[in-house]
Amino acid sequence: MPFFIKRKKTRQIMVGNVLIGGAAPIAVQSMTNTFTHDISATVLQIKGLEKAGCEIVRVAVPDKEAAEAISKIKKKISVPLIADIHFDYRLAIASVKAGADGLRLNPGNIGSRKKIKAVVDCAKEHDISIRIGVNSGSLEKDLLKKYNGASAEAMVESAVRHVELLQSLDFSRIKISIKASDVNRTLNAYRLLSSKTDLPLHVGVTEAGGLYSGIVKSSLGIGMLLAEGIGDTIRVSLTRDPVEEVRVGYEILKALEIRRRGPDIISCPTCGRCKIDLFDIVKQVEEALISNLLPIKIAIMGCIVNGPGEAKEADIGIAGGDGTGILFKKGKVIDTFPQDKLVEVLLKEVDKL
Ligand code: SF4
């Protein structure tokens, strides 16, 4: 953790085999967008997420078929699986019985205390955690009236209410999320919530949008909270392949120097001096190294203006020439290669490390 971040100490809980909160690393999670009952498609997507470093995965459980699919999915994956439940407490119970490692629910839409108690008893029996997931789009009517809309205060009151409900049932293996679809409200809600509880927090901006707005809103919302020491696990929300969410999650952690996973790739934006197809080279290298865990620095630069300088400082680097590139390793020139060979030789050198 860099010196300027003083992480808030939260209680630690286990989600499957992953520690959340306390001094545990800030975990990166995501959610599938396949039909959960389509077991092969869901497993395939989770495998892709695991490869990208996803540490907890959530699946939607809208019906009985989805709940039943969990036992088969669980056999083929290694990350903890969370069942996302709305409205029907029986689906929560069926998911836990099918082997889910955790539940994400909003006790407010599960119904009576009796139904919630049935879910909690089942969670206790199977030793799993529950995330209370408050969302600005589905707040209780009385709170919307009291606060004149889904304000940060209304969201916090909803979260506190749900926490107290679970605690009154003697359940404490809880984490909380309190997401709004805009950055400012999300920040205010988490700040206020963090001042009121020491339960671990799952942070994210909900429904953040497509690639551009989603990355910007998530980087600001999640990044500012993490910089203030708030947050124990993160989920970037993008209207895209969830693998992209995981990649962005790690980039946020990497940019704040909180956590490092895999190579740090430095590349220039290119300009009129660049005479190689740098965009394609960078894309190929990023994709080839998506599951590589080496904490190395790779510089891929378009020309000899800044290229050799950056490339020399990196563990491995390329400085582009005219249809060629000079390959550097630990500050030394290895050789000059034609551009269509650059990715191959760079990846070979990464392997040697
Ligand atoms: S490294 Fe070269 S090609 Fe890249 S932006 Fe700088 S001057 Fe342009």
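The values are calculated or read from the model by the stated rules, or taken from the named source; none is laboratory data. Here the structure is a predicted model, which is why all the values come from computation and not from measurement. Reconstructed Cβ throughout: ideal geometry from the backbone, glycine too, with neighbour counts over all protein chains shown. Please note that ligands, DNA and RNA were not included when accessible areas were found on the heavy atoms of the full protein model with its side chains. Shrake-Rupley method; radii C 1.70, N 1.55, O 1.52, S 1.80 Å.
Table for the structure above
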{"read-out": "Global geometry of the range 1-154, whether rounded, prolate or oblate, following the gyration tensor of its Cα atoms and the 1.5 cut on a/c", "value": "oblate"}
{"read-out": "FRET E, pair E65, T239, Förster distance 41 Å, beta-carbon r, rounded to 0.05", "value": "0.95"}
{"read-out": "Protection-proxy order for peptides 133-144, 310-321, 24-35, each taking the mean of Cβ atoms within 10 Å per residue, highest first", "value": "310-321, 24-35, 133-144"}
{"read-out": "Theoretical FRET efficiency, 1/(1+(r/R0)^6), r = Cβ-Cβ of K97 and A41, R0 22 Å, to 0.05", "value": "0.45"}
{"read-out": "Packing-based ranking, highest mean first, of 76-82, 166-172 given that Cβ atoms within 10 Å are counted", "value": "76-82, 166-172"}
{"read-out": "For the range 256-297 and the range 190-235, distance of Cα centres in Å", "value": "25"}
{"read-out": "Evaluated over the chain, the Cα radius of gyration and Dmax, each in Å", "value": "22.6, 72"}
{"read-out": "Antiparallel bridge percentage (DSSP; both residues within the chain; nearest 5)", "value": "30"}
{"read-out": "Extension gain (nm, one decimal) between K76 and I296, 0.36 nm per residue minus Cα-Cα", "value": "76.1 nm"}
{"read-out": "Theoretical gain in end-to-end length, L347 to K312 [0.36 nm per residue, Cα-Cα removed]", "value": "10.9 nm"}
{"read-out": "Mean-position separation - Cα centroids, the range 1-44 and the range 69-98, in angstrom", "value": "16"}
{"read-out": "Shape of the range 194-246, Cα gyration tensor, a/c cut at 1.5", "value": "prolate"}
{"read-out": "Rounded if a/c under 1.5, otherwise prolate or oblate - the range 13-90, Cα gyration tensor axes", "value": "oblate"}
{"read-out": "Per residue, in Å², the accessible surface of the range 214-314 once ligands and nucleic acids are set aside, probe 1.4 Å", "value": "45"}
{"read-out": "Contour excess over end-to-end distance, with Cα ends at D280 and Q12 and 0.36 nm allotted per residue", "value": "92.2 nm"}
{"read-out": "Label zone at V333, where the point sits 7 Å out along the Cα-to-Cβ direction: the range 289-313 residues whose backbone N lies under 17 Å", "value": "301-313"}
{"read-out": "Debye, to nearest 20: dipole size of the chain, +1 on Lys, Arg Cβ, -1 on Asp, Glu Cβ", "value": "980"}
{"read-out": "Highest-MSF residue in the chain out of T233, T36, T324 [GNM, Cα springs under 10 Å]", "value": "T324"}
{"read-out": "Listed residues S158, F328, T239: farthest to the positive end of the dipole of the chain (Cβ charges)", "value": "S158"}
